[in-house]
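Inspection log for the structure reproduced underneath, given as structure tokens.
The values are calculated or read from the model by the stated rules, or taken from the named source; none is laboratory data. All figures in this text were calculated on a predicted structure; none of them were measured in a lab. When we count neighbours, we look across all protein chains shown, and the Cβ atoms used for this are built from the backbone with ideal geometry, even at glycine. Just so you know, the surface numbers come from the protein's heavy atoms only, side chains and all, with ligands and any DNA or RNA stripped out. Shrake-Rupley method; radii C 1.70, N 1.55, O 1.52, S 1.80 Å.
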Amino acid sequence: MSVPTLPLPQKIKAYAASFLLVLLIYVVIDLYVPLKHLFVGEPLSFQEAFTYINLQSKWPIILIIGLLMGRNSVRKKERALQGAVSQTPVPPTSVQ
């Protein structure tokens with residue numbers, strides 16, 4: 001019996017979702033200081049807030065974490081798929 005795997009579009013979707021999640025987390029972390037200034041009541045323009053986002057120096061870390069999270073997500077989905085296949089009852093074959 002062959003081991004079931006996820007189709008390529010679902011794998012790509014899992015990797016893309018993981019990468020976007022990591023990217024969002026890092027952007028929120030970078031925007032912590034501008035948001036803190038806004039809550040205090042200091043005026044802050046969009047250009048000033050945008051200067052706090054520095055993804056250029058963090059892109060290798062973001063890429064590596066995104067790939068690891070995507071791989072973990074794909075493995076979990078494939079394990080769940082294999083568990084579902086192994087739990088389905090096999091109909092008995094009639095001998096004639």
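Residues of segment 1-39 that are assigned to a helix (DSSP H, G or I), modelled with pLDDT under 90 and over 17 Å from Leu55 (Cα atoms): Leu35, Lys36, His37, Leu38, Phe39. Of all residues in segment 37-46, those that are of a type outside the set (Phe, Trp, Tyr) and open to solvent by 100 Å² or more (accessible area, probe 1.4 Å) total 2. What about Lys77, is it basic (Lys, Arg), at pLDDT 90 or above and in contact with a Leu (Cβ under 8 Å, 6 or more places away or on another chain)? Yes: the conditions hold for Lys77. If you go through segment 1-36 and keep only what is within 18 Å of Arg75 (Cβ to Cβ), of a type in the set (Ser, Thr, Tyr) and open to solvent by less than 90 Å² (accessible area, probe 1.4 Å), you end up with Thr5, Tyr15, Ser18. Look through segment 47-80, keep the residues that are more than 19 Å from the chain's Cα centre (by Cα) and not small (Gly, Ala, Ser), and return whichever of them is surrounded by the most Cβ atoms within 10 Å (Cβ to Cβ). Checking each candidate, the answer is Tyr52.
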